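Let me begin by presenting the structure, written as structure tokens, before commenting on it.
The values are calculated or read from the model by the stated rules, or taken from the named source; none is laboratory data. Here the structure is a predicted model, which means the values were calculated and not measured. Glycine gets a Cβ as well: all are built from the backbone with ideal geometry, and neighbour counts include every protein chain shown.
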Amino acid sequence: MRTIFSIFIWVWIFILLLIFFPIVNILLFLPRNQHDPMIKWMTRTMLTLIGVKVKVEFAEKLDKNGTYLFLSNHVNILDTFLLYGYIPAIVRGVELASHFRWPIYGWTLRRMGNIPIDRVNASKAIISINKAAAELRKGNSILMLPEGHRTRTSDEKLGKLMRGSFILARDGGRDIVPIILSGGWEVTHRGSWKVLPGKIIMKFGKVIRENEFRGLGTNELRDLCRLRLEEIIEDES
């Protein structure tokens, strides 16, 4: 039964994307402050239509017009849709370069202003990090998933954090917002193609102010961010 239902959900997702992507690409001709709320609404609607309920919690109020570096754990393939749809700011992501080669989806990512990163080629990765840092300095919020890949275990414990996110944080010089997603493993996860309805909780932790980490080295900043992310996880238990 789960297999049949998952097949139905994937067909439904495919139909929704065929409907949504042309509309998104038309909306992208509008200024960012006009198209962004509409595309966020479409993203949230798509998640609702496939049976994903999202509960959002904030440790403190965020400035919708502020500039932040959002750092989140990574549970399943729906995370980027979840995060884009529910982050209360105009945000662009640093995403795997291979995703930008996917038909339609990759083209849309580029048009939206997302930044590809090559995890294999270090020199290319640094170029991407520098580009993202420049966007932060210009006042554009950035989203990055510092684990670099989806969690491998059902307990959704935080994996190893890659240094690139913290080079970006240091060079971008903006406040950091830690985010923890939970409940996503039951919806879908790495190693399984099945996708089922479920509830995902998105918790925004306390903002890490730039003056808290100014002067820290990359490893020290990574340790600080890991501590703040794990604090959110502990609050859930």
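Just the residues that are more than 22 Å from Val24 (Cα to Cα) and either touching a residue at least 40 places away in the same chain (Cβ under 8 Å) or surrounded by 13 or more Cβ atoms within 10 Å (Cβ to Cβ) (or both), please, taken from segment 99-126.
Ile117, Asp118, Arg119, Lys124, Ala125, Ile126
Of the residues Gly148, Gly164, Gly93, Gly113, which single one is in contact with a Lys or Arg (Cβ under 7 Å, 6 or more places away or on another chain), within 23 Å of Glu230 (Cα to Cα) and small (Gly, Ala, Ser)?
Gly148
Could you say which residue among Arg214, Arg137 is at pLDDT 95 or above and more than 17 Å from the chain's Cα centre (by Cα)?
Residue meeting the stated conditions: Arg137.
Among the residues of segment 42-62 satisfying the criterion of being of a type outside the set (S, T, N, Q) and without any contact (Cβ under 8 Å) to a residue 24 or more places away in the chain, which is farthest from Leu109 (Cα to Cα)?
Among those residues, the one meeting the criterion is Lys61.
Keeping to segment 57-82, report how many residues are closer than 21 Å to Leu227 by Cα and not aromatic (Phe, Trp, Tyr).
Final tally of qualifying residues: 11.
Which members of segment 26-38 meet the condition of being surrounded by 12 or more Cβ atoms within 10 Å (Cβ to Cβ), outside any loop (DSSP other than H, G, I, E, B) and in contact (Cβ under 8 Å) with a residue 40 or more places away in the chain?
Hits for segment 26-38 are Arg32, Asp36.
Taking segment 69-90 as the region of interest, how many residues are in contact with a strand residue (DSSP E or B) (Cβ under 7 Å, 6 or more places away or on another chain), farther than 27 Å from Ile15 by Cβ and surrounded by fewer than 20 Cβ atoms within 10 Å (Cβ to Cβ)?
Residues that pass the stated criteria total 2.
Consider Phe8 against the criteria (1) aromatic (Phe, Trp, Tyr); (2) farther than 21 Å from Trp185 by Cβ; (3) surrounded by fewer than 13 Cβ atoms within 10 Å (Cβ to Cβ): it satisfies all of them except one. Which criterion is unmet?
(2)
Each row is one residue, and each column tells you yes or no for (1) closer than 30 Å to Pro197 by Cα; (2) more than 10 Å from the chain's Cα centre (by Cα); (3) not charged (D, E, K, R).
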| residue | (1), (2), (3) |
| --- | --- |
| Phe70 | yes, no, yes |
| Arg92 | yes, no, no |
| Ile129 | no, yes, yes |
| Ala133 | no, yes, yes |
| Glu147 | yes, yes, no |
| Phe166 | no, yes, yes |
| Ala169 | no, yes, yes |
| Gly172 | no, yes, yes |
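Being among the small types (Gly, Ala, Ser) and touching a residue at least 12 places away in the same chain (Cβ under 8 Å) is the filter; apply it to segment 85-98 and report the residue that is nearest to Pro22 (Cα to Cα).
That would be Gly85.
Condition first: among the basic types (Lys, Arg), touching a Ser or Thr at 6+ places or on another chain (Cβ under 7 Å) and either more than 30 Å from Phe5 (Cβ to Cβ) or without any contact (Cβ under 8 Å) to a residue 12 or more places away in the chain (or both). Can you find one or more residues in segment 205-227 that meet it?
Within segment 205-227 (the criterion being among the basic types (Lys, Arg), touching a Ser or Thr at 6+ places or on another chain (Cβ under 7 Å) and either more than 30 Å from Phe5 (Cβ to Cβ) or without any contact (Cβ under 8 Å) to a residue 12 or more places away in the chain (or both)), the answer is no, since none of the residues qualifies.
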